[in-house]
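Visitor: Submitted below is the structure of interest, expressed as structure tokens.
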Amino acid sequence: MTTKALGLAALAGLALSVAANAQSPNRTNLDRTSLDRATETTQQASRLGDTPNTTTHHTLTPARPSPADTTNTNALGTPPAYILTVLHHSDGESQLLGAPGNDDFGNVARFKTLMDNLRADALADPLNDGIPRGVVVLTSGDNYLPGPEFNASLANGVPYFDSIAYDAIGYDAIVLGNHDFDFGPQTLRDFIDGFTAPPAFLSSNLDFSTEPALAPLAGTTLLPSVVVNTGGQQVGIIGATTPDIRFIASPGQTTINPVLPAVQAEVTKLTGMGVDKIILSSHLQDLAAGEFALIPQLDDVDAVVAGGSGTLFANAGDLLVPGDTASADYPTNINDNDGTPVPVVGTADDYKYIGRLVLEFDANGELLAVAPTSGPVRVSGIAPDAVAEDPTLVNDVLNPVAAFVAALDAHVVATTSVDLDGRRSSVRSFETNLGNLVAESQLWTARQLADDFNVNPADVAIANGGGIRIDAIIDDGDVTVLDTFDTLPFSNFVTVVEDVTPENFKELLENAVSTQGGLGSTGRFFQIAGFSVIWDVNQTPMIIDDDTGDITQQGERIRQVILDDGTPVVIGGVVLPVRSINIATVNFLAGGGDEFPFPAEFTILGTTYQQALENYLRDALRGNISAATAAEGGNGRIRAIPAAP
């Protein structure tokens, strides 16, 4: 059984290729009654090296009164000529059965019912004012995620259960996020092929023509932008994907281009076609370094729907899922290149909310206001806002997925007398006992299979914290197959990299700690087996060029490395002239994922890292996890200077 960790965290790192002298945005938090607020200059802390400016924003008319009012004019008496409702969400991440830890909320069958209701409401005319109304339905990426629920889809085959649900919900545009590439391009193709009538799948900065699995869809289903005709008006929707997919996912031969020029080129194309209402739906991972840094360099984008950061945009009075708190106002305003305020919105993950952004335009396509009916609408199964489950999705999606997951949970592989720490904040920051078991399982598997695959027995193992996804403590008691899938859901295979030089070994370890400390913690932080390491956060971190993968600054944080057989590899930060080292890891890291600078040659073994963990617990540990084999807090393999909290 698991104790789920609360809170949402963005995957760190964004490699936008933008001008070095880019100006920082003037950020204004908007309420839903006006876009006309005084801006406050803020200093942007991001990798873009922005400097603050004091751009004066344009004045926008305050929003119209609430539907209870008898008039449909805004505070300055200007009636809108067109009302567009953008219904949006992101990061569904295959949480089809309900919100983690609280299945009274979320659940894709409730989600569909609520979406149907909100879509109908958006087109209604309660005041009988005759103003044309349109609606678009968007998702901003991470449409599925490796894990038990998605494994049900893989076992079922095409159409995936996620495809069935999305097809039934009915989207105008689906933006691609990093997790949509976790299993590689062919799985993304299979996800798309599961739709009876695929909508536009968007990313302006990805070129799919170079990837064999996706090239047949490039220019038809896979597009940089799409124009939707709704309510008698044309609405342009542009997609953008984090360039970091090159090292945090598996995009195959997809060409990854800089975000800024790609988005602006689509804006220019759409405005040239006469489209004067443009929405950017993006999945850039980190608001500060992503959307908030991008918007000040754009022109003619009316609103931005941001995905990937896990940020819940909401206001006082909005009904939230218990335990959730708002991180930003709905909307939050960021000035664009000429000082026009652009409303930015987003929702939290896991089908818990549908965002409702109601935009009012004048006859010239200029944004007048964000209506007071805008905000997140939670997906609830309890009063006062309960919605019924869509019966078709209950039958076609929920029931078969629930049965698959229940079967995994019924299969016990081990018992543990200690709590196993798999919390995201832990495995990405310091040694944990669950992280040790993961690394040990890869080392053990590599040694067991060495003869079968004609490779040298591994000396050590390096696992990345980002590959451990359970974000929970597995309580003492039974450990099930479901727990192993929750812990290690990706399609990563145990891999052996032979004859790594001690110098290269140190570089690999430097990369693992390069983003720790003041630079933040990311998924590249290591969990290890077969050696011990001491690292110093106060020393110089390694820097790798995100575009080329070249090491532009050697790291000095790794101070000591000693193999379990007593061989010293690094002492006082100096690499010693010792033998080469054989490393067990996963193919994602061996292929350069998380920017690990492994050699080009490696051997993939025929066991996934989830299977390795399951086999290790059952066979090597004989189903018994104790303090002797998995001490809480680890056993001192990784020591940080200063010590981790």
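Visitor: What is the residue count in segment 518-546 for residues that are in contact with a strand residue (DSSP E or B) (Cβ under 9 Å, 6 or more places away or on another chain), loosely packed, with under 15 Cβ neighbours inside 10 Å and over 16 Å from residue 506 (Cα atoms)?
Guide: Looking only at that region, the number is 2.
Visitor: Still on this structure: Only one of 50, 104, 91 is of a type outside the set (Phe, Trp, Tyr), at pLDDT 55 or above, under 26 Å from the mean Cα position of the chain (by Cα) and open to solvent by 10 Å² or more (accessible area, probe 1.4 Å). Can you tell me which?
Guide: Only one candidate qualifies: 104.
Visitor: So how many residues does segment 278-300 have that are open to solvent by 10 Å² or more (accessible area, probe 1.4 Å) and assigned to a loop (DSSP other than H, G, I, E, B)?
Guide: 6
Visitor: Test residue 495 against the criterion of being among the hydroxyl-bearing types (Ser, Thr, Tyr) and open to solvent by less than 10 Å² (accessible area, probe 1.4 Å), and give yes or no.
Guide: Yes, satisfied.
Visitor: Cβ-Cβ under 7 Å, sequence separation 6+ or interchain: first residue in segment 614-633 and in contact (Cβ under 8 Å) with a residue 12 or more places away in the chain and open to solvent by 60 Å² or more (accessible area, probe 1.4 Å), partner assigned to a strand (DSSP E or B) and of a type in the set (Val, Ile, Thr). Which pairs?
Guide: Taking only residues 6 or more apart or on different chains, the pairs are 618/413; 624/415.
Visitor: Would you confirm whether or not segment 411-430 contains a residue that is in contact with a Leu (Cβ under 9 Å, 6 or more places away or on another chain) and farther than 22 Å from residue 463 by Cβ?
Guide: Yes, there is a match, as at least one residue in segment 411-430 is in contact with a Leu (Cβ under 9 Å, 6 or more places away or on another chain) and farther than 22 Å from residue 463 by Cβ.
Visitor: A further question follows. Looking at segment 561-569, is at least one residue in contact with a helix residue (DSSP H, G or I) (Cβ under 9 Å, 6 or more places away or on another chain), polar (S, T, N, Q) and open to solvent by 10 Å² or more (accessible area, probe 1.4 Å)?
Guide: No, the conditions are met nowhere in segment 561-569.
Visitor: Quick one: which residue in 132, 148 is modelled with pLDDT under 95 and either open to solvent by less than 10 Å² (accessible area, probe 1.4 Å) or over 18 Å from residue 95 (Cβ atoms) (or both)?
Guide: Answer to the selection: 148.
Visitor: Sticking with this structure for a sec: Considering only segment 564-584, I want to know if a residue exists there that is among the polar types (S, T, N, Q) and closer than 24 Å to residue 454 by Cβ.
Guide: yes
Visitor: Report, by residue number, each residue of segment 557-597 that is part of a loop (DSSP other than H, G, I, E, B), touching a strand residue (DSSP E or B) at 6+ places or on another chain (Cβ under 8 Å) and of a type in the set (D, E, K, R).
Guide: 557, 564, listed by residue number.
Visitor: Let me confirm something: among 227, 275, which residue is at pLDDT 95 or above, part of a loop (DSSP other than H, G, I, E, B) and either among the β-branched types (Val, Ile, Thr) or open to solvent by less than 50 Å² (accessible area, probe 1.4 Å) (or both)?
Guide: After ruling out the rest, the residue left standing is 275.
Visitor: For segment 588-598, give me each residue that is surrounded by fewer than 20 Cβ atoms within 10 Å (Cβ to Cβ) and at pLDDT 95 or above.
Guide: Within segment 588-598, just 597 meets the criteria.
Visitor: Let me spell it out: the conditions are (1) of a type outside the set (Lys, Arg); (2) open to solvent by 30 Å² or more (accessible area, probe 1.4 Å); (3) in a loop (DSSP other than H, G, I, E, B), and residue 431 meets all of them except one. Which number is the exception?
Guide: (2)
Let's see how each residue does on (1) under 30 Å from residue 113 (Cβ atoms); (2) in contact with a Lys or Arg (Cβ under 7 Å, 6 or more places away or on another chain); (3) open to solvent by less than 30 Å² (accessible area, probe 1.4 Å):
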| residue | (1), (2), (3) |
| --- | --- |
| 385 | yes, yes, no |
| 398 | yes, no, yes |
| 408 | yes, no, yes |
| 419 | no, no, no |
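Visitor: Something else about it: Condition test on residue 605, is it within 17 Å of residue 463 (Cβ to Cβ), within 26 Å of the chain's Cα centre (by Cα) and not in a loop (DSSP other than H, G, I, E, B)?
Guide: no
Visitor: Can you pull out the residues in segment 187-203 that are closer than 30 Å to residue 83 by Cβ, open to solvent by 20 Å² or more (accessible area, probe 1.4 Å) and in contact with a helix residue (DSSP H, G or I) (Cβ under 7 Å, 6 or more places away or on another chain)?
Guide: Answer for segment 187-203, where residues must be closer than 30 Å to residue 83 by Cβ, open to solvent by 20 Å² or more (accessible area, probe 1.4 Å) and in contact with a helix residue (DSSP H, G or I) (Cβ under 7 Å, 6 or more places away or on another chain): just 198.
Visitor: Restrict the check to segment 356-363 and report whether at least one residue is of a type in the set (D, E, K, R), out of contact with any Gly (no Cβ under 9 Å at 6 or more places or on another chain), outside any loop (DSSP other than H, G, I, E, B) and buried (at least 22 other Cβ atoms within 10 Å of the Cβ).
Guide: Checked against the condition, which is being of a type in the set (D, E, K, R), out of contact with any Gly (no Cβ under 9 Å at 6 or more places or on another chain), outside any loop (DSSP other than H, G, I, E, B) and buried (at least 22 other Cβ atoms within 10 Å of the Cβ), segment 356-363 yields at least one hit.
The values are calculated or read from the model by the stated rules, or taken from the named source; none is laboratory data. None of the values given here were measured: they were computed from a predicted structure. Neighbour counts run over all protein chains shown; Cβ positions are idealised from the backbone, glycine included. The accessibility values were calculated without ligands, DNA or RNA, using every heavy atom of the protein model including side chains. Shrake-Rupley method; radii C 1.70, N 1.55, O 1.52, S 1.80 Å.
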